[in-house]
Amino acid sequence: MAISCITDLICEECGATYSHREPVNTCRACGGLLECRYDYAGVAERWSRDELLRRPQTLWRWQELLPVADASNIVTLGEGGTPLHRCPRLASRLGVRAVYLKDETVNPTATLKDRTFSVAVSKAKELGIQKAMTRTSGNAGASFAAYCSRAGIQAVILSNAWATEQKLAMIQVYGHAVVRVRYEQAAEIRKALDEVQRRLGLYEFTNFINPFRHEGAKAYAYEICQELSWTAPDRMIHPMGTGGGIHGAWKGFGELKRLGFIDRLPKMTGVQPAGCAPIIWAYEKRLAVAAPGGDLRATIAQSIASNFPIGQGKRPLKAMYESGGCGVTVTDEEILAAVRLLGAEGVFAEPAGAAPVAAVAKLVSAGLASPEEAIVCVVTGSGLKQPSIVRPLFPEPPTIEVAETPDYVEALLARLSAR
Ligand SMILES: *Cc1c(COP(=O)(O)O)cnc(C)c1O
Ligand SMILES: [Zn+2]
């Protein structure tokens, strides 16, 4: 029996449908983005609160609403099922009733990307795909490389020229070819990729062009609501590059409501860096589509710096509008302050991962969020991916001679307790 209740794929633009058993990226008729559809009555028969709790706490707990039909095709490294930390001290610092951190730093390659690549690479295996390529600012490449290795798929990874050493090292250790590509506008690399695609017929893994990746992000909604005794938070804040994470989560919350597991939906809130925020700029003008714009190098939040919205940003914009949420930009200074706040909670975030926490205080002071809210901030990636940003925040740790140690520690503790 198929483990998934997937029925087919449908084009959002023209309504054409496709079998989920053929390797299709975008609509062959009109180029529109495809969305997976499921038999929700079938899901309702197999899902109960007790049954779900009995299953292992990974992404695949939710297999009926993931697109992989045969369990033997699942490619997993233990992604998902990440902790939701309740942080009362952080909440009072930020001026809201409750803050929860959805800690994606503990995923196998230390970012949310593992949810999406576990699903997309599993599905690629099911579709018989043997060679694959993706482009990346680093995190997607590292995750993709890890899952392709598990699946025995040969991967080529095109990275931004400025990807960190840490991210590149991961890709190489997982055993795949990585090339650093110089460009300024994401549109340029998109064009180059389309040309490679055309010549070689490679299957695409870029968010949205691949119709399966964001299905993995739906599990945010399932996990968070299960953890909160089957209620939704008032608001969920997610950093946006393509907007795959926020779109997937919004789809997931909608599915839970449809299935009767929750009775109200959260306000979806997207964050982008101030210098490169094409989707937020469109939101601020209440537009349905986002135009290319912004400077990829204008922010330390490299993992969400994207100046060419895929599918014109329609999906993330829809999540914000439909849910009554909003979009907000954050500066590098605000992100660095959030990195410190998260550190004080025991969580080390990369700049993109700290952006939602940076957004909270801003939303409250602008009157866009009420102090009464319970807010989930998704900490999407680990600080170990980009540790250099921490250096300017703190003085160099002192170096002392071993003989000085007892006196030094005594004086240090006295100083600290006098504070
Ligand atoms: C990729 C990424 C995001 C953004 O995800 P999208 O689905 O592209 O919007 C956010 N944070 C980190 C750390 C990422 O690597
Ligand atoms: Zn179409």
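The values are calculated or read from the model by the stated rules, or taken from the named source; none is laboratory data. Here the structure is a predicted model, which is why all the values come from computation and not from measurement. Glycine gets a Cβ as well: all are built from the backbone with ideal geometry, and neighbour counts include every protein chain shown. Calculation scope for accessible area: heavy atoms of the full protein, side chains included, ligands and nucleic acids excluded. Shrake-Rupley method; radii C 1.70, N 1.55, O 1.52, S 1.80 Å.
Does at least one position in segment 155-166 carry a residue that is under 22 Å from the mean Cα position of the chain (by Cα) and over 27 Å from R297 (Cβ atoms)?
Checked against the condition, which is being under 22 Å from the mean Cα position of the chain (by Cα) and over 27 Å from R297 (Cβ atoms), segment 155-166 yields no hits at all.
Taking into account only those residues within segment 1-11 that are in a loop (DSSP other than H, G, I, E, B) and crowded, with 18+ Cβ neighbours inside 10 Å, which is farthest from ligand 1 (Cβ to nearest atom)?
Restricting to residues being in a loop (DSSP other than H, G, I, E, B) and crowded, with 18+ Cβ neighbours inside 10 Å, the top hit is C5.
Table: residues versus (1) out of contact with any strand residue (DSSP E or B) (no Cβ under 8 Å at 6 or more places or on another chain); (2) under 26 Å from K113 (Cβ atoms); (3) open to solvent by less than 70 Å² (accessible area, probe 1.4 Å); (4) in a helix (DSSP H, G or I).
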position	(1), (2), (3), (4)
R37	no, yes, no, no
E45	yes, no, no, yes
Q57	yes, yes, no, no
Q63	yes, yes, yes, yes
G78	yes, yes, yes, no
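Considering only segment 388-395, I want to know if a residue exists there that is free of Cβ contacts under 8 Å to residues at least 40 places away in the same chain, closer than 26 Å to A110 by Cβ and among the aromatic types (F, W, Y).
Yes.
Of a type in the set (G, A, S), more than 19 Å from M240 (Cα to Cα) and in contact (Cβ under 8 Å) with a residue 24 or more places away in the chain: does that describe S137?
no
Taking only pairs six or more apart or across chains, which ones have beta-carbon atoms under 9 Å, a first residue in segment 84-110 that is small (G, A, S), and a second residue that is modelled with pLDDT of 95 or more and open to solvent by 80 Å² or more (accessible area, probe 1.4 Å)?
Final answer for the pair search is A91/R97; A98/R86; A98/P88; A110/L384.
Return the residue satisfying two criteria in turn: it lies in segment 1-32 and is among the β-branched types (V, I, T) and under 15 Å from L127 (Cβ atoms), and of such residues it is modelled with the highest pLDDT.
I6
Yes or no, residue by residue, for (1) within 16 Å of ligand 2 (Cβ to nearest atom); (2) aliphatic (A, V, I, L, M); (3) on the phi > 0 side of the Ramachandran plot:
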{"site": "I3", "(1), (2), (3)": "no, yes, no"}
{"site": "L9", "(1), (2), (3)": "yes, yes, no"}
{"site": "R21", "(1), (2), (3)": "no, no, no"}
{"site": "V24", "(1), (2), (3)": "yes, yes, no"}
{"site": "R28", "(1), (2), (3)": "yes, no, no"}
{"site": "Y38", "(1), (2), (3)": "no, no, no"}
{"site": "A41", "(1), (2), (3)": "no, yes, no"}
{"site": "R46", "(1), (2), (3)": "no, no, no"}
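I need the full set of residues from segment 229-250 which are open to solvent by 10 Å² or more (accessible area, probe 1.4 Å), over 23 Å from A338 (Cα atoms) and in contact (Cβ under 8 Å) with a residue 40 or more places away in the chain, in order please.
Answer for segment 229-250, where residues must be open to solvent by 10 Å² or more (accessible area, probe 1.4 Å), over 23 Å from A338 (Cα atoms) and in contact (Cβ under 8 Å) with a residue 40 or more places away in the chain: W230, H247, W250.
Just checking, how many residues over segment 115-149 are at positive phi, at pLDDT below 95 and open to solvent by 10 Å² or more (accessible area, probe 1.4 Å)?
0
Of the residues A361, A403, A369, A355, which is without any contact (Cβ under 8 Å) to a residue 60 or more places away in the chain and of a type in the set (G, A, S)?
The conditions single out A403.
Residue check, H85 against (1) open to solvent by 10 Å² or more (accessible area, probe 1.4 Å); (2) away from ligand 2 (no atom under 16 Å from the Cβ); (3) not in a strand (DSSP E or B), all met but one. Which one?
Result: H85 fails condition (3) only.
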